[in-house]
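Below is one structure, written out as structure tokens, with a few remarks after it.
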Amino acid sequence: MLNLALYQPDIPQNTAAIIRLCSCFNTTLEIIEPCGFHIDDQRLKRVAMDYLKNVKIVRYQNFKEFLKKKNNSRIILMTTKAKKNYFDFKFKLKDTILLGRESKGVPENVHKSCFQRLKIPLKQNARSLNIHVAAAITLAEALKQNNFFEND
């Protein structure tokens, strides 16, 4: 199944919204540390509510550990710096969709380590979407391409 990964997330409420997203779509959430908050932060728990107990969360101490665990899996980075649109890409069920830190994105070495870099096209002069909105849009497309919704 598809995985969603967060690179050093800054904002607990965004991470909590992504926890809910992953819970609803049976997607594993991978968190690459360090976070800008403690994982037991009350703001995270308030937004995640009881979804926390219904989602698998895997934490990595750093990006190097994450890469080692991913082995040869495809890591798909969502970034405003990409040239290719997310809907022009064929997602596979074993892909990991990676989203960068809210305040800084990801460093260049992370960009270079990813199989593909994709963007969500926005109107001219729009900077970016909230990370949990970008995660939802991309995950929904990846799941749709892999027939996740056909049995509903």
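The values are calculated or read from the model by the stated rules, or taken from the named source; none is laboratory data. Bear in mind the structure is a predicted one, so any value in this text is a computation, not a measurement. Here Cβ is always computed from backbone atoms with ideal geometry, including for glycine, and neighbour counts include all displayed protein chains. What goes into the accessible areas is simple: the full protein's heavy atoms, side chains included, and nothing from ligands, DNA or RNA. Shrake-Rupley method; radii C 1.70, N 1.55, O 1.52, S 1.80 Å.
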Point to revise | Separation in nanometres of the label points that stand 7 Å from Cα toward Cβ, at Asp50 and Glu65 | key: 3.2
Review point. Residues of the stretch 1-123: accessible area per residue at 1.4 Å, in Å²?
Key: 56
Point to revise | Where labels lie 7 Å past Cα in the beta-carbon direction, separation of Val58 and Lys90 in nm | key: 2.5
Review point. Please state the equivalent ellipsoid semi-axes for the stretch 71-140: what are the square roots of 5 times the Cα gyration tensor eigenvalues, largest first, in whole Å?
Key: 18, 14, 11
Exercise for review: Take the cross-link list Lys45/Lys94; Lys70/Lys144; Lys64/Lys94; Lys45/Lys144 and give me the ones stretching past 25 Å between alpha-carbons.
Suggested key: Lys45/Lys94; Lys45/Lys144
Review point. Using a Gaussian network for the chain with springs between C-alpha atoms less than 10 Å apart, which of these wobbles most: Lys123, Lys104, Lys94?
Key: Lys123
Review point. Using a 1.4 Å probe on the protein chains only, how many percent of the accessible area of the chain belongs to carbon and sulfur?
Key: 47
Exercise for review: Counting helices only, and only those DSSP H runs with n ≥ 4, report the 222 nm mean residue ellipticity of the chain as the sum of -39,500 (n - 2.57) divided by its residues, in deg cm²/dmol to the nearest 500.
Suggested key: -9500 deg cm²/dmol
Practice item. Quick one: work out the % antiparallel among DSSP beta bridges in the stretch 16-152, nearest 5. Key: 5
Exercise for review: Give the accessible area for Arg20 in Å² (nearest 10); use a 1.4 Å probe, count only protein heavy atoms, and leave out ligands, DNA and RNA.
Suggested key: 80
